[in-house]
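Working notes for the structure below.
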Amino acid sequence: MARPTILVTGATGQLGRELALLLLPRGDVIATDRGQLDLADPDAIVAAVRGAKPALIVNAGAYTAVDQAETDAALAHAINGRAPGVLAEEAKRVGAVLIHYSTDYVFDGTRTTPYPEDAPTGPLNVYGASKLAGEQAMIAVGGHALVFRTSWVYGLRGRNFLLTIRRLAAERDELRIVADQIGVPNWCRALAEATVRVVAMGLPALADRAGLYHLSSKGRASWWDFARAIVDDAEKPRIVPISTAEYPLPAQRPAYGVLATERFTTTFGFALPDWRDALARCLASPPEPMPPR
Ligand SMILES: NC(=O)c1ccc[n+]([C@@H]2O[C@H](COP(=O)([O-])OP(=O)(O)OC[C@H]3O[C@@H](n4cnc5c(N)ncnc54)[C@H](OP(=O)(O)O)[C@@H]3O)[C@@H](O)[C@H]2O)c1
C-alpha cells in the first residue's frame, strides 16, 4: 500500500518539531515552517494542500505569543482563527484527516473542577478568542477533523516556562512565581507521541472519531508547583509564591484550566501520564526524540 503523505505545519515549533520526527515512520512527511507555508495566507494554504494532496494534515502552527496577541489581534486571528477553517475546507476537498491543537485558554477559568469538552467557553484574552474561533471554523466545515485541546506546553527547545525558569534559576537567588493559576503542564513530546499513537490506529478509524478532545497529562499544578518541580535540586533558589495581581501581564489568564480527558481516554484507549512523570522523562531525555522503528 502507498505510504500516506502527511503535511505538518509549524514544524519548527515545540510540538511541530517532535511531530515531524515522530510521524516519519507513518508516512511521507512534508514538514513546513512559516517560510514554506505561511498560515496567515489563505492562498498559500490552499496551494500547499492541493499540491501535496496529503492523507493527513497535522496543524501544529499557531500564533502562541499570548501577551503580544493583545496588540497583534489581526495576525493572531488570521493564524489561529481563520487558517484552521481554510485547512479544514481543503482537507475535506482532498479527503484528508486533519489534526489540530487548541488550548485551555478558550475557558474563563472560573470552574474549580476539570473542564469537559462541552463546558461553555469564554476566553479572557485575544489568543484564547483566536484559538476558539479556529476550533469553531474547523468544526463548522464538518470534515474529518480532530481538535486536541491541551495546556501549558513545554519542552527542551523553543520558548517555554521550563526553559525560562532554568535560566532564571541559574541567575537569581530568588524567583517569585504565580501560585494562584492552576493548570496542567504538558511535555510537547508526550503530546506528539499521543498524536502518533492515535495516527497509528489508522486514518479511517480517525475519520470516524472526528471531534473535539482534551489531551493532557493527569494531575494539576500551579506555576509555582511547576517551577519547584523544574529546579528541584540542592542548588535551587528560593521560589516564592505570589499572586497573579503581583505579576501583571498584558493578557489576562484563566485562574483554572485543568482539562477533563475522559473523552480522549474512552475514545482512543489510553491516557497521558501524570505531569510530574512526563516532566521527569523530559528532564532525563536527550533534546531530539528518536523516531520509533
Ligand atoms: N505553548 C503552549 O503553552 C500551548 C498551550 C496550549 C495549547 N497550545 C497549542 O499547541 C499547539 C502547538 O504549540 P507550541 O507550543 O508547539 O507552539 P510554538 O512552539 O510557539 O510553535 C508554533 C509554531 O507555529 C509557527 N508559526 C507561527 N506563525 C506562523 C505562520 N504564520 N505560518 C506558519 N507557521 C507559523 C511558528 O513558527 P515561528 O517559529 O517561525 O514563529 C512555530 O513553528 C498550538 O496550536 C498552540 O496554540 C500551546
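The values are calculated or read from the model by the stated rules, or taken from the named source; none is laboratory data. Remember, predicted model here, so these are calculated numbers, not experimental data. Positions of Cβ are backbone-derived with ideal geometry, glycine not excepted, and every protein chain shown enters the neighbour counts. Note: areas computed on protein heavy atoms with side chains; ligands, DNA, RNA excluded. Shrake-Rupley method; radii C 1.70, N 1.55, O 1.52, S 1.80 Å.
The figures follow:
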quantity: Scan of the stretch 11-32 for residues that are open to solvent by less than 40 Å² (accessible area, probe 1.4 Å) and in a helix (DSSP H, G or I), ordered by number; calculated: Leu15, Gly16, Glu18, Leu19, Ala20, Leu22
quantity: Count of residues meeting criterion [among the charged types (D, E, K, R), in contact (Cβ under 8 Å) with a residue 24 or more places away in the chain and near the ligand (Cβ under 8 Å from one of its atoms)] in the stretch 16-44; calculated: 2
quantity: Test: Arg159 is of a type in the set (Lys, Arg) and open to solvent by less than 10 Å² (accessible area, probe 1.4 Å); calculated: no
quantity: The lone exception for Glu235 - which of (1) more than 13 Å from Arg276 (Cα to Cα); (2) more than 20 Å from the chain's Cα centre (by Cα); (3) at pLDDT 95 or above it fails; calculated: (3)
quantity: Which listed residue is free of Cβ contacts under 8 Å to residues at least 24 places away in the same chain, open to solvent by 10 Å² or more (accessible area, probe 1.4 Å) and in a loop (DSSP other than H, G, I, E, B), from Pro204, Pro248; calculated: Pro248
quantity: Residue identified as within 23 Å of Gly134 (Cβ to Cβ) and surrounded by fewer than 19 Cβ atoms within 10 Å (Cβ to Cβ) among Arg228, Arg209; calculated: Arg209
quantity: Residue in the stretch 74-97 that is over 24 Å from Gly211 (Cβ atoms), within 14 Å of the ligand (Cβ to nearest atom) and in a loop (DSSP other than H, G, I, E, B) present; calculated: no
quantity: Residue list for the stretch 132-155, filter: away from the ligand (no atom under 12 Å from the Cβ), touching a strand residue (DSSP E or B) at 6+ places or on another chain (Cβ under 9 Å) and either in a loop (DSSP other than H, G, I, E, B) or open to solvent by 30 Å² or more (accessible area, probe 1.4 Å) (or both); calculated: Ile139, Gly143, His144
quantity: Conditions (1) polar (S, T, N, Q); (2) open to solvent by 30 Å² or more (accessible area, probe 1.4 Å); (3) in contact with a strand residue (DSSP E or B) (Cβ under 8 Å, 6 or more places away or on another chain): number failed by Ser222; calculated: (2)
quantity: Residue check, Tyr105 touching a residue at least 60 places away in the same chain (Cβ under 8 Å), more than 22 Å from His144 (Cβ to Cβ) and in a loop (DSSP other than H, G, I, E, B); calculated: no
quantity: Contacts under 8 angstrom Cβ, first residue in the stretch 1-12 being closer than 11 Å to Arg26 by Cα, partner within 12 Å of the ligand (Cβ to nearest atom), 6 or more apart; calculated: Ile6/Val58
quantity: Residue selected from the stretch 1-15 under the condition more than 13 Å from the ligand (Cβ to nearest atom) and under 22 Å from Glu89 (Cβ atoms), by the criterion nearest to the chain's Cα centre (by Cα); calculated: Ile6
quantity: Enumeration of residues in the stretch 109-131 that are open to solvent by 20 Å² or more (accessible area, probe 1.4 Å) and outside any loop (DSSP other than H, G, I, E, B); calculated: Val126, Tyr127, Ala129
quantity: Filter result (open to solvent by 10 Å² or more (accessible area, probe 1.4 Å) and part of a helix (DSSP H, G or I)) within the stretch 179-189; calculated: Arg189
quantity: Checklist (1) within 24 Å of Leu215 (Cβ to Cβ); (2) more than 8 Å from the ligand (Cβ to nearest atom); (3) free of Cβ contacts under 8 Å to residues at least 40 places away in the same chain applied to Gly51, failing item; calculated: (1)
quantity: Leading residue by the ranking (modelled with the highest pLDDT) among those in the stretch 270-290 that are part of a loop (DSSP other than H, G, I, E, B) and open to solvent by 60 Å² or more (accessible area, probe 1.4 Å); calculated: Ala284
